[in-house]
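Asker: Pasting a structure here, questions to come.
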Amino acid sequence: MLKGTKLYSIFGNKCPRCHEGDFFEKSNPYTKDFDKMNHYCNSCGENFERETGFYYGAMYVSYAFTVALGVAWFLFLYILFGFDALTFLISYSVLLIVLLPWIFRTSRLIWINFFTKYKKEAAGTEPRKVA
Ligand SMILES: [Zn+2]
């Protein structure tokens, strides 16, 4: 993925400001502490925990994700196998449980990328002053 694009930060678990430091502590979403975030970027000092409740907004991103996934999954099953509500509900539930860590993390990265611009020169600079 091309560095400097928001997709690089979102799918690469990178700081939205410098694209160098890691956003979550672990790169693999399928580990025990998949939800643990770094408080600050270890490269540019960007504050990842801006204010209390900042990541409530990521719930809307997550909601959009799951609805889009549900529609896509429904169409996939409908086209291949015809409509069967029980098959859809069971398979969609399993799919959501399996993808939960990935959706959680991706939603938070998308949310913080809404509010942060990439600055190439930010990497390795003094940490931003935080009030
Ligand atoms: Zn950074």
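The values are calculated or read from the model by the stated rules, or taken from the named source; none is laboratory data. Since the structure is predicted, the reported quantities are computational estimates derived from the model, not experimental observations. Please note: Cβ atoms are built from the backbone with ideal geometry, for glycine as well, and neighbour counts cover all protein chains shown. With ligands, DNA and RNA removed, areas are computed over all heavy atoms of the protein, side chains included. Shrake-Rupley method; radii C 1.70, N 1.55, O 1.52, S 1.80 Å.
Asker: If you go through segment 4-35, how many residues are assigned to a loop (DSSP other than H, G, I, E, B) and open to solvent by less than 90 Å² (accessible area, probe 1.4 Å)? Break it down into steps so the answer makes sense when it comes.
Answerer: As a first pass, look at segment 4-35 and keep what is assigned to a loop (DSSP other than H, G, I, E, B): 4-5, 13, 15-21, 23, 25-35.
Going one step further and asking which of them are open to solvent by less than 90 Å² (accessible area, probe 1.4 Å), we end up with 4-5, 13, 15-21, 23, 26-29, 31, 33-35.
Of the residues in that region, 19 qualify.
Asker: Could you please give the count of residues in segment 1-43 that are within 15 Å of the ligand (Cβ to nearest atom), closer than 21 Å to Phe54 by Cβ and over 12 Å from the mean Cα position of the chain (by Cα)?
Answerer: Final tally of qualifying residues: 12.
Asker: Okay, moving on. Which one of Leu77, Leu99 is surrounded by 15 or more Cβ atoms within 10 Å (Cβ to Cβ), at pLDDT below 95 and more than 16 Å from the ligand (Cβ to nearest atom)?
Answerer: Values: Leu99 fails: at pLDDT below 95.
Unique residue meeting the criteria: Leu77.
Asker: Among the numbered criteria (1) open to solvent by less than 20 Å² (accessible area, probe 1.4 Å); (2) at pLDDT below 95, which one does Ser43 miss?
Answerer: Of (1) open to solvent by less than 20 Å² (accessible area, probe 1.4 Å); (2) at pLDDT below 95, only one is false for Ser43: (1).
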